[in-house]
Amino acid sequence: MSANNKLIQEKLNDAQMRANLDSAMHTLQRNRKNLIAANFTNWQELRERGKNVKQNALNSLGERVEEFVSNASANGFKVHFAANGDEACAIILDLMESNGIDTILKGKSMASEEIGLNHYLQKHGLRPLETDLGEVIIQLLDEAPVHIVVPAIHKNRYEVGEIFAKSWGVQKESEPEKLNEIARTKMRAEFKKLQMGLSGVNFALSKEGAIWLIENEGNGRMSTTMPDIHVAICGLEKVVESIEDAATIDTLLCPSATGQFISNYNNIISGPRREGEKDGPKECHIIMLDNGRSDMLSHPEFSEALRCIRCGACMNFCPVYEKIGGHSYRATYPGPIGEVISPQLFGMDKYGDITDLCSLCGRCSEVCPVKIPLADLIRKLRRERANPSKSTLKTKAKPKMAQNIAFKGFASLATSGAKWRFMISLAHKMHSFVPKMSFVPMLKAWSKYKELPSLKYDLDANIKKVEGVIYE
């Protein structure tokens, strides 16, 4: 069994995690359903508008990015470009070292997870500190986020109480209010010493030269307004044309993510502190991150995935994610959207196998607020993975000889009526034959979790039945 299969089996056997996810996912599903029913009469129309906003921005992304950089620079932002994660990390490291800063407080940022910022800074003797409650929990566990919106959703309040007690030496609690109080007290002490803060970017407004951040806890606002230096990591695909466009997407994002009509905090940052202003950072830096996005954008079949607004709805409704959790995907972005973008961002050879973690039920495509056809894209990525010699992706999956032979054999059978009927006529015999072939690695792995259905086929009777239908 491969290491990844062992990880998946481990998560399937984790009864507590599965119970936590089952409760959380169904709560998020109900919240979304009830909110849309109560507050929207044109949800599908809004989805189409959101799709068009994102697609139009992608269709003119070069122009949009150029406009954003020009206007943001005029507003006082210092704009940097990073072709990959290493370059982005190096920019942040240089800013910290040149200013004599050893600790950076982070608002929630999946882009920072994507580039491995925490581990990078730790290797250089610096201290990245999470301030989002979910991120705090997983940092204490030294784990990756399990979800892109609610990173510690796999832990319940009793487990969180044990984590706080073990890590911080506080009294074990289980009431949400007391857990929040413990975390707030701990984080406020760090905020008092804050010199540099980091955030992600939900929307970069090209006409206004500003960035829009949404959050629920207030830690993001503190990370961006209290320090002398604020650094924002912005994926290129986050750029949209105007504040009106961003408002359309925001109206879709919050209901889709958590079932809220609007987030608690909407922060629009238009630059550093101006002369005469008493608060806000003295320096604002924006890192425009590519990291494979340009390659995705140039692909005629997979560029649609860049419409993603990171709401997590596809995970909330995915029956596979609910059973195995986000860590089974081994990548920064789990769930259906992760299956689509992770192989493209980080390599089909490393993450192509996660496209198997999908039943192609289509629920993710149905709930995506910007209408990304996720199930169809996953199917196409499976095609790319199965045929690396014909793949149009930048990185190719490693060819599998046994799999290729099996597919060629199946293709030969499926395209020949005589061969197909003959094999179907023998199918019932395979029911007892396959278990005896369990020494074959591929059959052993397959038969361990599946049972071959019992098939009975009477060739003469079926021919007569077909002829009866035709000539009746």
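The values are calculated or read from the model by the stated rules, or taken from the named source; none is laboratory data. Nothing here was measured: the structure is a model prediction, and the numbers come from that model. Here Cβ is always computed from backbone atoms with ideal geometry, including for glycine, and neighbour counts include all displayed protein chains. Please note that ligands, DNA and RNA were not included when accessible areas were found on the heavy atoms of the full protein model with its side chains. Shrake-Rupley method; radii C 1.70, N 1.55, O 1.52, S 1.80 Å.
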Do we have Gly197 as open to solvent by less than 10 Å² (accessible area, probe 1.4 Å) and under 26 Å from Glu181 (Cα atoms) here? yes
Set Asp356, Asp376: member being closer than 26 Å to Leu252 by Cα and charged (D, E, K, R): Asp376
Looking at Cys234 and the list (1) open to solvent by less than 10 Å² (accessible area, probe 1.4 Å); (2) farther than 30 Å from Phe302 by Cα, which single condition is not satisfied? (2)
When the range 393-413 is checked residue by residue, the ones that are touching an Asp or Glu at 6+ places or on another chain (Cβ under 7 Å) and among the β-branched types (Val, Ile, Thr) are Thr395
State all residues of the range 341-372 that are under 23 Å from Asp245 (Cβ atoms) and among the aliphatic types (A, V, I, L, M); if no residue qualifies, say none. Ile341, Val367, Val370, Ile372
Filter the range 355-402 down to the residues that are crowded, with 19+ Cβ neighbours inside 10 Å, at pLDDT below 95 and aliphatic (A, V, I, L, M), then identify the one that is nearest to Lys6 (Cα to Cα). Ala397
Whichever residue in the range 201-212 is open to solvent by 10 Å² or more (accessible area, probe 1.4 Å) and not acidic (Asp, Glu) and, among such residues, is farthest from Leu140 (Cα to Cα): Lys207
Taking the conditions exactly as written (open to solvent by less than 30 Å² (accessible area, probe 1.4 Å) and of a type in the set (Asp, Glu)), does Glu339 satisfy them or not? yes
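Hey, can you tell me all the residues within the range 64-76 that are assigned to a helix (DSSP H, G or I) and either at positive phi or free of Cβ contacts under 8 Å to residues at least 12 places away in the same chain (or both)?
Matches in the range 64-76: Glu66 only.
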Tally up the residues in the range 121-145 that are over 26 Å from Ile309 (Cα atoms) and crowded, with 17+ Cβ neighbours inside 10 Å, please. 2
By residue number, the members of the range 193-208 that are under 12 Å from Ile287 (Cα atoms), hydrophobic (A, V, I, L, M, F, W, C) and part of a loop (DSSP other than H, G, I, E, B) are Val201
Taking the range 151-178, which residues are buried (at least 20 other Cβ atoms within 10 Å of the Cβ) and among the hydrophobic types (A, V, I, L, M, F, W, C)? Ala152, Ile153, Val160, Phe164
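Here is a yes/no grid of residues against (1) open to solvent by less than 10 Å² (accessible area, probe 1.4 Å); (2) modelled with pLDDT under 95; (3) assigned to a strand (DSSP E or B); (4) touching an Asp or Glu at 6+ places or on another chain (Cβ under 8 Å):
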{"site": "Asp279", "(1), (2), (3), (4)": "no, yes, no, no"}
{"site": "Met288", "(1), (2), (3), (4)": "yes, no, yes, no"}
{"site": "Glu304", "(1), (2), (3), (4)": "no, no, no, no"}
{"site": "Ile309", "(1), (2), (3), (4)": "no, no, no, no"}
{"site": "Tyr321", "(1), (2), (3), (4)": "yes, no, no, no"}
{"site": "Ser328", "(1), (2), (3), (4)": "yes, no, no, no"}
Given the criteria hydrophobic (A, V, I, L, M, F, W, C), part of a strand (DSSP E or B) and farther than 18 Å from Ile101 by Cα, does Leu213 qualify? yes
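Going through the range 355-414 one residue at a time, which ones are assigned to a loop (DSSP other than H, G, I, E, B) and over 18 Å from Phe302 (Cα atoms)?
Leu357, Ser359, Cys361, Lys398, Pro399, Lys400
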Output the residue which, of all residues in the range 240-277 that are among the β-branched types (Val, Ile, Thr) and in contact with a Gly (Cβ under 7 Å, 6 or more places away or on another chain), is surrounded by the most Cβ atoms within 10 Å (Cβ to Cβ). Ile249
Criterion first (open to solvent by less than 80 Å² (accessible area, probe 1.4 Å) and out of contact with any helix residue (DSSP H, G or I) (no Cβ under 7 Å at 6 or more places or on another chain)) does Asn20 satisfy it? yes
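Do we have Lys108 as open to solvent by less than 50 Å² (accessible area, probe 1.4 Å) and either among the aliphatic types (A, V, I, L, M) or within 26 Å of Val149 (Cα to Cα) (or both) here? Outline the logic, then answer.
Values: open to solvent by less than 50 Å² (accessible area, probe 1.4 Å): no; either among the aliphatic types (A, V, I, L, M) or within 26 Å of Val149 (Cα to Cα) (or both): yes.
Taking the combined requirement at face value, the residue does not satisfy it.
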Counting only residues in the range 76-91 that are among the hydrophobic types (A, V, I, L, M, F, W, C) and more than 23 Å from the chain's Cα centre (by Cα), the one surrounded by the most Cβ atoms within 10 Å (Cβ to Cβ) is identified as Phe77
Please give the number of the condition Leu297 fails out of (1) more than 24 Å from Lys380 (Cβ to Cβ); (2) in a helix (DSSP H, G or I); (3) of a type in the set (A, V, I, L, M, F, W, C). (1)
Give me a count of the residues in the range 198-234 that are on the phi > 0 side of the Ramachandran plot and touching a helix residue (DSSP H, G or I) at 6+ places or on another chain (Cβ under 6 Å). 1
Across the range 1-54, which residue is farthest from Leu252 (Cα to Cα) among those that are assigned to a helix (DSSP H, G or I) and small (Gly, Ala, Ser)? Ala3
Among (1) touching a residue at least 60 places away in the same chain (Cβ under 8 Å); (2) open to solvent by less than 10 Å² (accessible area, probe 1.4 Å); (3) in a helix (DSSP H, G or I), there is one condition Ile148 misses while meeting the rest; what is its number? (3)
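For every residue, the table says whether it meets (1) open to solvent by less than 70 Å² (accessible area, probe 1.4 Å); (2) among the β-branched types (Val, Ile, Thr); (3) within 17 Å of Gly312 (Cβ to Cβ).
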position: Lys11; (1), (2), (3): yes, no, no
position: Ile36; (1), (2), (3): yes, yes, yes
position: Phe40; (1), (2), (3): yes, no, no
position: Leu46; (1), (2), (3): yes, no, no
position: Arg49; (1), (2), (3): no, no, no
position: Gln55; (1), (2), (3): yes, no, no
position: Leu58; (1), (2), (3): yes, no, no
